[in-house]
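Reviewing the structure listed below.
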Amino acid sequence: MMIASFSSAQAEAGEARSASTGARIGALLWGAAATGLFVLLGLESNMWWIGLPVYAFVAAALVRSAWLGVWVSPGAVKVVSWFRTQRFRAGEVSAVELVPYFGMGGASVGWLPVVGSVRMIEVELTSGRRVWLPSTIGRRNGVLRLARTMRAALGLSIH
């Protein structure tokens, strides 16, 4: 997972982008599996058109995944996930922590074959509300670097 790579142009602009590589890879793998399944099932059939909605959904997911990410600037963080964009400003956030990944269905995943230990970011607001950010899934060390970058931008202690 590429975490907030700071080039001089980005540093001058005061903004950096973190790619949500884990979410993009998930979209790609799911899309390839679904498309392959429908191609195989409809290969010698006159019903090939039944797969068109699946192809359209896969194409939409792959296009949407290009906009997933975390934008960090001094005093603010913007997180773009699959269905919403969330903005956090300094003073609104009391903690940025790593937690095991909770995806659809609410099942906790802390380790994936081949990938290893995975985490996502949880933001605790000053109101006490906790916000999970599943689109920040990645290897533990990459997500830790992102959390530290977010903490620094929001004026929190880096630990």
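What follows draws every value from the coordinates through simple rules; no lab data is involved. Quantities reported herein were computed from a predicted structural model and do not represent experimental measurements. All Cβ positions, glycine included, derive from the backbone under ideal geometry; neighbour counts span all protein chains shown.
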With θ set to phi - 60°, apply the Karplus curve 6.51 cos²θ - 1.76 cosθ + 1.60 along region 81-96 and write out the HN-Hα couplings as whole Hz, x wherever there is a Gly or Pro.
10, 4, 10, 7, 10, 10, 10, 10, 10, 4, x, 8, 10, 9, 7, 10
Would you grab the residues whose amide H sits under 5 Å from the one on Met120? Only those 5+ places off in sequence or on another chain, please, with H modelled 1.01 Å from N.
Val99, Tyr101
So, with points 7 Å from each Cα along the Cβ direction, the Trp132-Trp30 label distance in nm works out to 1.4 nm
Could you go through region 66-78 in sequence order and give the Karplus-derived ³J(HN,Hα) for each residue, using 6.51 cos²θ - 1.76 cosθ + 1.60 with θ = phi - 60°, rounded to whole Hz, and x for Gly and Pro?
5, 9, 5, x, 10, 10, 10, 9, x, x, 8, 9, 10
Based on the mean of other Cβ atoms within 10 Å per residue, sort peptides 151-157, 115-121 so the most packed one is first.
115-121, 151-157
Which whole-percent values make up P(r) of region 96-159 when all C-alpha to C-alpha distances are grouped in 5 Å steps starting at zero?
4, 19, 27, 25, 15, 8, 2, 0
Based on the mean of other Cβ atoms within 10 Å per residue, sort peptides 141-148, 60-67 so the most packed one is first.
141-148, 60-67
Using each residue's phi in region 44-61, evaluate 6.51 cos²θ - 1.76 cosθ + 1.60 at θ = phi - 60° and report the 3J(HN,Hα) Karplus result to the nearest Hz, with x for Gly and Pro.
10, 10, 7, 9, 4, 5, 4, x, 4, x, 5, 4, 5, 5, 4, 4, 5, 5
